[in-house]
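Working notes, structure below.
The values are calculated or read from the model by the stated rules, or taken from the named source; none is laboratory data. Since the model is a prediction, treat every value here as computed from it, not as a measurement. All Cβ positions, even for glycine, are placed from backbone atoms using ideal geometry, and neighbour counts span all protein chains on display.
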Amino acid sequence: MRIILAILVLNSLPSNAARVASDSVLVVGGSGRVGGSTVRWLDRLSSASGGAPLQIAIGGRSQQSFERTSARLGIDGLSFANAGVPYCDVCDELVLSRNSKALAAKASAKGVPAVVSCGIWPGVSALMAAEAVAKLGGKGACERLEFSFFTAGTGGAGPTIVSATFLLLATEVAAYVDGELRALEPWTDRVVRDFGSGVGEHEAFLLDNPDVPTTAEALGIRTCSSRFGTYPTVWNGLFGAMKALPKPLLADRAKMQGLALFSMPIIRTVDALVGGTNAMRVDAWGVDGRQVTLRVAHSDLEDCVGQATAAFGMELLRRRSGGPSNGDATISATIGPGVWYPAELGADARANILRVAREKAFVWEL
């Protein structure tokens with residue numbers, strides 16, 4: 001099987017094609033910090049599986065690079081479904097997730113599986129929500145669910161991720177309230193959450209997250225929202241102050257990238273002092289009044305995002321068959337054809353991905 005990662009695109013051979021010695025993975029954006037972490041984890045996980053090592057290729061991520069390649073190949077508007085490419089994407093913007101989901105029927109008809117919004121959060125966080133809802137009795141048993149996230153400093157993130165956080169301050173928060181999808185003001189409605197031993201209590205504020213609408217719709221949750229906070233708390237105050245800037249300025253990707261690059265010396269200094277902890281918490285309230293709280297924390301955001309992304313990709317690779325030399329039977333697929341949000345995945349796929357995500361976690365309360 002061949003795979004593409006954009007950051008995870010997975011590309012399988014047609015069913016009548018000859019079996020190759022190993023699976024191929026193309027990581028689009030693999031030269032970035034998260035992409036590089038994903039590559040390392042793919043290599044690590046494939047080596048630990050005992051099978052043939054993955055053939056991993058790293059692709060660029062710029063629009064200019066894409067346009068040059070499209071022109072050279074004479075391809076216009078190529079999608080993973082048209083190409084027959086199993087696909088995994090860490091996109092954290094709702095519109096991108098929705099656009100991918102719109103290809104579900106085409107992907108299903110072509111027998112192509114894809115998972116979108118599948119990193120650590122969004123991604124593993126949605127699997128935590130699915131676990132919480134399962135504990136309450138399954139789809140329709142959860143009345144309200146809240147996501148809470150904490151990162152020490154920037155988590156060691158690069159300037160692209162820092163600028164993306166700035167952009168979110170200009171993005172209305174998509175939240176479900178009593179069964180209605182509403183647009184809320186970002187960086188409001190402060191709460192304080194306990195993220196578990198070794199992390200402690202931290203403030204968090206409303207911030208857009210595609211996990212919210214996709215999880216609420218998949219699991220039948222009437223009220224759902226997401227919050228984020230960082231440390232030291234002065235960063236939270238700075239984010240609040242930046243929100244006062246004109247929205248057109250905040251939404252200008254080039255200017256926000258420039259501001260992130262300008263700020264990096266200060267950011268790196270603070271990161272060196274506070275570390276890169278990433279913590280997630282899911283609180284779910286059942287229609288019967290019961291409450292479930294789940295918590296997960298890793299010591300390095302950059303590392304755990306790559307870990308989570310690779311876990312989703314390796315789960316798509318379960319479609320491959322065993323090597324001809326050992327006569328293993330075909331490994332059962334846990335993710336069928338179509339385009340899936342993480343919260344829609346079945347229990348087996350969820351358990352396998354969470355098993356990988358648990359490695360190196362210092363808080364794991366699921």
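For this structure, a couple of remarks:
- Of all residues in the range 80-125, those that are in a helix (DSSP H, G or I) and within 14 Å of T215 (Cα to Cα) total 6.
- Scope the range 83-97; condition surrounded by fewer than 24 Cβ atoms within 10 Å (Cβ to Cβ) and in contact with a strand residue (DSSP E or B) (Cβ under 9 Å, 6 or more places away or on another chain); matching residues: A83, V85, C91, D92, L94, L96, S97
- Checking each residue in the range 287-308 for being closer than 30 Å to G140 by Cβ and polar (S, T, N, Q) picks out Q291, T293.
- Considering the range 108-148, and only residues there that are over 30 Å from R318 (Cα atoms) and within 21 Å of the chain's Cα centre (by Cα), the residue that is surrounded by the fewest Cβ atoms within 10 Å (Cβ to Cβ) turns out to be E146.
- Residues that are under 23 Å from the mean Cα position of the chain (by Cα), among the polar types (S, T, N, Q) and more than 26 Å from S125 (Cα to Cα), drawn from the range 228-265: Q257
- Those strands (runs of 3 or more DSSP E) of the range 183-248 in which at least 1 residues are in contact with a strand residue (DSSP E or B) (Cβ under 8 Å, 6 or more places away or on another chain) and among the acidic types (D, E), considering only elements entirely within it, cover 191-194, 201-206.
- Odd one out for A129, checked against (1) closer than 19 Å to V234 by Cβ; (2) in contact with a strand residue (DSSP E or B) (Cβ under 8 Å, 6 or more places away or on another chain): (1)
- Qualifying positions in the range 295-318 - touching a helix residue (DSSP H, G or I) at 6+ places or on another chain (Cβ under 6 Å) and more than 17 Å from P342 (Cα to Cα): H298, E302, D303
- Selection of the range 261-286 for residues being closer than 30 Å to K139 by Cβ and of a type outside the set (D, E, K, R) yields N278, A279, M280, V282, A284, W285, G286.
- Some residue of the range 158-169 being modelled with pLDDT of 95 or more and within 30 Å of F262 (Cα to Cα): no
- Of all residues making up the range 256-282, the number that are farther than 22 Å from A204 by Cβ and surrounded by 12 or more Cβ atoms within 10 Å (Cβ to Cβ): 6
- Single residue of the range 51-79 satisfying the filter (assigned to a helix (DSSP H, G or I) and of a type outside the set (S, T, N, Q)) that is modelled with the lowest pLDDT: L73
- The residues of the range 204-239 that are touching a Cys at 6+ places or on another chain (Cβ under 8 Å), surrounded by 23 or more Cβ atoms within 10 Å (Cβ to Cβ) and more than 18 Å from L169 (Cα to Cα), listed by number, are T215, A216, L219, I221.
- Residue match in the range 239-246 (condition: closer than 30 Å to L366 by Cβ and touching a Leu at 6+ places or on another chain (Cβ under 7 Å)): yes
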